[in-house]
Amino acid sequence: MSAAKFTCPVCGFAELPESHLDPTGSPTYSICPCCGVHFGADDVEATHEDLRRAWIAGGAEWWSMNEHAPPGWNADAQLKAAFPDAPRN
Ligand SMILES: [Zn+2]
């Protein structure tokens with residue numbers, strides 16, 4: 001199970017090494033390298049949908065300076081794969 005990957009509920013990035021919630025449902029305070037959302041902080045007062053909209057409105061760019069996007073990473077394809085029914089604007 002050490003190789004398990006998790007999907008970010010905000011941007012749909014599917015390579016997170018850690019879930020945004022621990023087994024008890026508490027936030028892990030991890031940060032998604034893709035959208036930069038800090039779980040347990042940024043998503044306390046905003047919904048994941050709100051944060052996703054904000055990320056898309058800001059250009060849906062890769063967030064982390066230290067961790068680079070996977071080769072061929074594409075925000076649009078990632079969003080479509082993770083949230084096929086989500087409206088886009
Ligand atoms: Zn994310």
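Tabulated data for the structure shown
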read-out: Around Lys5: net Lys/Arg minus Asp/Glu count, Cβ-Cβ under 10 Å; value: -2
read-out: Residue order, fewest to most beta carbons within 10 Å, for Trp55, Trp63, Trp73; value: Trp73, Trp63, Trp55
read-out: Choice from His38, His68, His48 with maximal GNM fluctuation in the chain (Cα, 10 Å cutoff); value: His68
read-out: Coil-residue trypsin sites (Lys or Arg not before Pro) of segment 32-89, DSSP, other Cβ within 10 Å capped at 14; value: Arg88
read-out: For Thr28, net neighbour charge (Lys/Arg +1, Asp/Glu -1) across residues whose Cβ lies under 10 Å away; value: -2
read-out: Neighbour net charge for His68 - beta-carbon separation under 15 angstrom, K R +1, D E -1; value: -3
read-out: Largest-first principal axis extents, alpha carbons of the chain, Å; value: 35, 31, 26
read-out: Mean ellipticity per residue at 222 nm, deg cm²/dmol - from DSSP H runs of n ≥ 4 across the chain, formula -39500 (n - 2.57); value: -5500 deg cm²/dmol
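We did not get these values from a lab; they are worked out from the coordinates using the rules stated. Note that the coordinates shown come from a computational prediction; the quantities given were computed from them, not determined experimentally. Quick reminder, even Gly has a Cβ in these numbers, built from the backbone with ideal geometry, and neighbours come from all protein chains shown.
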